[in-house]
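Step one of this worksheet: look at the structure below.
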Amino acid sequence: MERRPEESAILFGGRRRISAFLVLICLVFPAAFAQQGAGSEWQTLDQEVTELYGAGKYERALALAKKAVEVAEKEFGPEHPNLAASLNNLAALYRLEGQYAQAELLDKRALAITEKALGPDHPAVATRLNDLALLYRAQGRYAQAEPLDKRALAIREKALGPDHPAVATTLNNLAELYRAQGQYALAEPLYKRALVIREKVLGPDHPDVAISMNNLAELYRATDRIREAEELEKQAARIRALER
């Protein structure tokens, strides 16, 4: 079975597939903010962190992520979204290493900066909320994760529209939270809605569609609906074969 906690605002995916995409800063923040960092020492460091992570050189990535935070604070100030991005990168690396206390402090600071700089209803805030919720879910702190996922969903639906892929991601994350607690009746409609959005917006053969199918299939197996699970798994396998 394939089940994937999705999307972090970091520039790279999690070692255990915590992140769904390589999310560039220019997609998270307004272009004006990204341009302020263009060609700077900070941008160079951020790119190096991404490349090191991709090469599996996590210790070096961690060292440069720490330096990127220092440079961002010096170049842009303590309340700039570029600093929030670097804090988020560093938090993600700590999260991968199981250093949750350090990661939580950084994620919370990144969230506070983003809310102040961009406003409480900006999609980037939803991304920060998602990161903190993933951290709490990794620790089994479900009661703390749930309101963050719900707020992220509300922000994205309002800012991006009900059929945006980012909305599907948040629906999947909230469904994962409920599934982890055995609340299958709450998880199922969220998985289904995420699947419908992805099929509609990304196309029926997109890899994310296969992931949604597998997630829903796993729920069906958990609730002894084996025939339905097998049908979804076959469809997901077909999509993965196309990708290969």
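A few points about this structure:
- Only one entry of L64, L105 meets the criterion of being crowded, with 19+ Cβ neighbours inside 10 Å, in contact with a helix residue (DSSP H, G or I) (Cβ under 9 Å, 6 or more places away or on another chain) and either among the small types (G, A, S) or closer than 23 Å to Y53 by Cβ (or both), and that entry is L64.
- Any hit, the range 79-86, residues being buried (at least 24 other Cβ atoms within 10 Å of the Cβ), over 21 Å from I155 (Cα atoms) and small (G, A, S): yes
- The range 193-224, subset among the basic types (K, R) and surrounded by 15 or more Cβ atoms within 10 Å (Cβ to Cβ), residue farthest from the chain's Cα centre (by Cα): R221
Let's see how each residue does on (1) within 20 Å of P165 (Cβ to Cβ); (2) without any contact (Cβ under 8 Å) to a residue 12 or more places away in the chain; (3) assigned to a helix (DSSP H, G or I):
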| residue | (1), (2), (3) |
| --- | --- |
| L186 | no, yes, yes |
| R193 | yes, no, yes |
| V196 | yes, yes, yes |
| V209 | yes, no, yes |
| N214 | yes, no, yes |
| D224 | no, yes, no |
| A236 | yes, no, yes |
| I239 | yes, no, yes |
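- Subset of the range 148-184 that is within 13 Å of the chain's Cα centre (by Cα) and among the hydroxyl-bearing types (S, T, Y) - its residue that is nearest to H206 (Cα to Cα): T169
- Residue tally, condition more than 26 Å from L160 (Cβ to Cβ) and not polar (S, T, N, Q), over the range 82-131: 11
Since every read-out is calculated from the coordinates, none of them should be taken as a lab result. Bear in mind that the values here come from a model prediction, so they are computed numbers and not experimental data. Cβ atoms come from the backbone with ideal geometry, glycine included; neighbour counts cover every protein chain shown.
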